[in-house]
Each structure stands twice: as C-alpha cells, then as structure tokens.
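What follows is one structure encoded as structure tokens, with my remarks underneath.
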Amino acid sequence: MSLTVLSSVPATRPATGRAVSGEPHRTLPAPGLPEVLGADLQVPVKGGRLLNYANLDNAASAPCLAAVNDAVAAALPAYSSVHRGAGYASQLTTARYEQARHTVRSFAGARRDDAVVFTRNTTDAANLLARCLPEGTTVVVFGTEHHASLLPWQDAVRLPAPEFPGTAIRAADDALAAIDGPKLLVVTAASNVTGELWPVAALAHIAHRHGARIFVDAAQLVPHRPLNITALDIDYVAFSGHKLYAPFGAGALIGRSDWLSAAGPYLRGGGASAAVTLDETGEVGTEWSADPEQRHEAGTPNVLGAIALAAACDTLTATGWTPLIRHEERLLARLRDGLATIKGVHELSLWGPGHPRVGIVAFVVEGWTAREVAEALSAEYGIGVRDGRFCAHLLVGHLLGDVGPCGASGAVRASIGAGTTVEHVERLLTALADLVTRR
C-alpha cells in the first residue's frame with residue numbers, strides 16, 4: 001500500500017522562564033540549519049539566575065530535531081503493530097517502518113542488496129554482528145575504539161594506538177596478512193574522543209586485499225559528514241539515532257546480508273521465526289526467517305525509533321551537508337584557537353592539531369580534575385560538557401600519558417552540533433579562562 005501522510009503535529013516547546021539581567025543574549029542557530037529542540041531551554045546557575053543552556057555535549061546525545069519530533073507526533077495517532085496486521089493502522093505503520101528502512105539505506109549510501117537491521121544503538125549493532133560472524137573469524141581492532149566496537153569480539157587481535165594514519169594502515173596490513181581463515185577489520189570513522197577522522201577508504205582497501213571484511217563504527221561521523229558505504233567499499237556500518245538528533249532508542253546495522261542470513265537470530269522469538277512445529281517426540285522445531293532483517297528483529301520493533309531515525313536522515317539530507325559542515329568548521333576553529341590561548345588548557349590529539357576532524361574536542365585543565373571543570377561549567381555558566389573517559393578508556397589513557405597528572409581523572413569533552421552557536425563557544429572559552437585563574 002502507499003504511505004499516507006498524516007498532518008504534522010506541531011512540536012511542543014518547553015516553558016522557558018523569565019530572562020534575567022546579565023543573561024547572555026540567546027543567538028538562534030545559523031540560517032539554513034535544521035531546528036533543534038531545546039534552543040530556548042533555560043537552566044538555573046549559581047546565584048539563582050537562569051541562563052540559556054549552552055549544550056556542548058552533542059557527542060553523547062544530540063538534541064532532537066524539530067522535524068523528528070514532528071514525524072513521531074504524526075505517526076502516533078495511527079501507531080500499531082507491524083508486518084502481520086490486516087487493519088489499516090497496522091498496514092500504515094508497517095509502510096512507515098519499511099519506508100524508514102529504505103530511507104536509512106539511502107542516507108548511508110548502501111548497496112541495493114545490503115541489509116538494514118534496526119537495533120537499539122551502535123553497541124547493539126556491533127554485538128549483533130559479532131553473533132553473526134562465521135565460525136573461526138578473527139577480528140582485528142585498534143585499542144583506540146569506543147567500547148561499543150572494542151569489546152564485543154571473542155577472538156580478537158587488538159592493535160595499539162597508531163602514531164600516524166599511515167601507521168594504522170600498515171598495522172592493519174600486517175595483522176590481516178598473518179591471519180588465515182575469515183577475518184574482520186573493525187575501525188571507527190571519527191573518534192568520539194578527539195573527533196579525528198580515520199582513513200576508512202584506505203583501510204577498507206587493505207582489508208579486501210587480504211580477503212577480510214571491514215566494520216565501521218560511524219556513530220560520530222554521520223551527524224557531521226555524509227556517509228557512502230558503496231563509494232568507500234565498506235562491508236558493515238553501524239550508527240545510533242541518539243547521536244543523529246533522533247533520541248528515540250533506535251540505531252542500525254547496515255551491510256552485506258550473507259553473514260546475517262547464515263547466522264542464527266540475534267534474538268529468538270516472534271518475527272524471527274517463519275514456522276514453529278512440534279514433532280512426534282515433542283521436540284519443537286523452528287524455521288527461521290530467510291530475510292536477514294526480519295531474522296534479527298525478533299519481537300515488536302521500535303517502530304517510532306525507526307521513524308525518528310529516518311526523519312533525521314531525511315532532514316539532514318534536505319538541509320545539505322555544505323551549510324552544516326561550514327557551520328561546524330567555523331565554530332570548531334574558534335573553539336580550538338581559543339583553547340590554545342588559555343594557559344593550562346591542553347587539547348588531546350592522537351595525530352596532531354592539523355589532522356582533519358569533526359566537531360569534537362577533548363582537553364584537560366591544569367589544577368582541575370575533569371569532573372570539577374564540568375561541574376563548574378554547569379553550575380556557574382549553564383554549559384553542558386562531558387567528562388571522564390568517554391567509553392574509550394584505552395584511548396583516553398594513551399592520550400593522557402602525554403599531558404601529565406592533570407588529566408589523571410579523565411578529560412573534558414566539548415562537542416558541536418547543529419544547535420551550537422557562536423555564543424555557546426565564546427561562553428565556554430570565557431568560563432575556562434576564568435576557571436584557570438582560580439588555581
């Protein structure tokens with residue numbers, strides 16, 4: 001059936017409270033960028049004032065796009081079960097759910113026959129793939145990975161942090177050459193700690209030269225840069241909706257269907273089964289769905305999460321990457337230049353300050369623990385950042401070795417998104433300059 005479009009329901013905006021004297025003037029997102037919810041959020045700070053929230057924690061969970069909120073609100077009145085219902089609401093919801101799959105496939109630049117399995121997030125997607133590896137598969141993974149793509153693999157060769165991008169390529173080349181049998185190379189597209197971009201195309205070429213496949217964690221790439229699985233010749237990709245302005249609990253594993261079709265279902269239950277029988281001995285027999293997407297989506301799926309994820313993909317595609325990238329690069333350049341002028345603040349980097357990156361910066365402040373910095377920024381300046389080791393303990397530990405004991409407790413991470421403004425960045429720089437004078 002064709003997908004019937006329901007009238008959009010306007011997004012609900014939170015009450016903002018009364019502006020107070022001395023509050024920084026709220027600057028709206030740059031023209032041409034998609035609207036995010038929370039741009040008018042006000043938060044209490046020391047002294048009882050309210051300040052407009054400066055959200056610089058987009059790398060953890062990006063705020064919801066207004067268009068995503070509208071898409072979910074439009075789908076709710078007809079929300080129903082998918083795939084097996086004969087009623088109109090069920091058919092409409094099924095059509096929306098499967099259209100979301102097509103949208104995500106297109107957004108990722110996937111091949112026509114690639115599977116798109118909806119998951120909870122990138123971690124879930126990586127664990128799903130780990131369950132589907134052919135017997136005897138050896139995984140090659142860098143220790144610099146986020147835990148989502150570092151920990152799921154049973155038989156893994158873990159490579160140390162590479163000194164340069166070329167070092168990463170040579171290390172992967174050597175490791176894969178030494179392995180017999182099926183093998184998988186695992187790599188991030190953009191570091192969730194430093195934002196640095198990895199040489200994915202070169203690593204994919206190396207993997208295929210050795211008869212291996214490559215799995216790419218694109219969670220931190222897709223909110224900032226376009227992804228094209230086909231052009232990069234990637235076998236598997238995973239990303240999360242909550243990083244992509246669609247915080248409704250859905251992610252996706254996208255890639256070649258043969259491994260997924262040959263493996264048993266990730267979860268056993270309704271939807272994954274094509275037929276269940278009982279033989280004369282009382283044994284239950286199960287025929288699993290031949291479709292890899294249904295096989296690995298047992299139970300009632302997160303339909304609204306899939307619709308939200310697709311709406312985010314559609315919105316970013318319609319916006320176009322040029323204005324988003326220009327906006328981010330301007331703010332990132334100002335942030336990094338400003339941090340470099342503040343005595344006692346040290347930016348963390350794996351491959352040096354000139355390496356291309358997305359809008360993520362991690363740093364430490366002499367005389368302050370990361371948690372103290374984050375708490376002060378929140379309590380006194382209305383700024384949200386992340387502190388700690390960012391589910392990348394090995395990478396952060398490696399980076400902190402270069403900056404001494406000031407980073408022993410972890411680092412501070414500021415991350416830029418579509419809703420970040422010049423005022424947010426300037427407020428952070430002013431706050432840090434103030435903090436370093438106290439100790």
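Every read-out reported here was derived from the displayed coordinates using simple, explicitly stated rules and does not represent laboratory data. These figures come from a predicted structure and were not determined experimentally. Please note: Cβ atoms are built from the backbone with ideal geometry, for glycine as well, and neighbour counts cover all protein chains shown.
The ranking of Val193, Val276 by Cβ neighbour count inside 10 Å, starting from the fewest, reads Val276, Val193.
With springs connecting C-alpha atoms under 10 Å apart, model the chain as a Gaussian network and identify which of Leu304, Leu267, Leu37 has the largest mean-square fluctuation. Top of the fluctuation ranking is Leu267.
Bridges between two residues of the stretch 69-318, per DSSP, are antiparallel at a rate of about 50%.
Computed from label points 7 Å out along Cα-Cβ, the spacing between Thr430 and Val284 is 6.3 nm. Between Ala178 and Arg330, residue separation times 0.36 nm minus the direct Cα-Cα distance comes to 50.3 nm.
Counting neighbouring Cβ atoms within 10 Å and putting the fewest first, the residues Lys183, Lys46, Lys243, Lys343 line up as Lys343, Lys46, Lys183, Lys243. Largest GNM mean-square fluctuation across Pro182, Pro223, Pro247, computed for the chain with C-alpha springs under 10 Å, falls on Pro182. The stretch between Arg111 and Ala60 holds 15.5 nm of extra length on full extension. This uses 0.36 nm per residue minus the Cα-Cα distance.
Rounded, prolate or oblate for the stretch 69-318? Axes are the square roots of the Cα gyration tensor eigenvalues, ordered a ≥ b ≥ c, and the cut-off for rounded is a/c under 1.5. Since a/c reaches 1.5 but b/c is at least a/b, the shape of the stretch 69-318 is classed as oblate. For the stretch 306-433, a crude dipole built from +1 on the beta carbon of Lys and Arg and -1 on the beta carbon of Asp and Glu, taken about the Cα centre, is about 180 debye to the nearest 20.
The residue list Ala252, Val276, His242 was ranked by how far each Cα lies along the charge dipole of the stretch 228-298 toward its positive end, using unit charges on Cβ atoms, and His242 comes out on top. Within the listed set Arg427, Arg336, Arg209, the Gaussian network model of the chain (springs between alpha-carbon atoms below 10 Å) gives the highest mean-square fluctuation for Arg209. Every helix of 4 or more DSSP H residues in the chain counts as -39500 (n - 2.57), and over all residues that averages to -10500 deg cm²/dmol at 222 nm. Net length available on complete extension from Tyr79 to Glu366 is 98.1 nm, with 0.36 nm assigned per residue and the Cα-Cα distance removed. Seen against the Cα atoms of the chain and their longest principal axis, helix 165-177 is set at about 30 degrees.
Against the chain, whose longest principal axis is taken from its Cα atoms, helix 200-209 shows a tilt of about 30°. Sorting Phe164, Phe107 from the fewest to the most surrounding beta carbons within 10 angstrom yields Phe164, Phe107. Report the calculated FRET efficiency for Arg268 and Arg170 (r = Cβ-Cβ distance, R0 = 56 Å), to the nearest 0.05. In this case the efficiency is close to 0.85.
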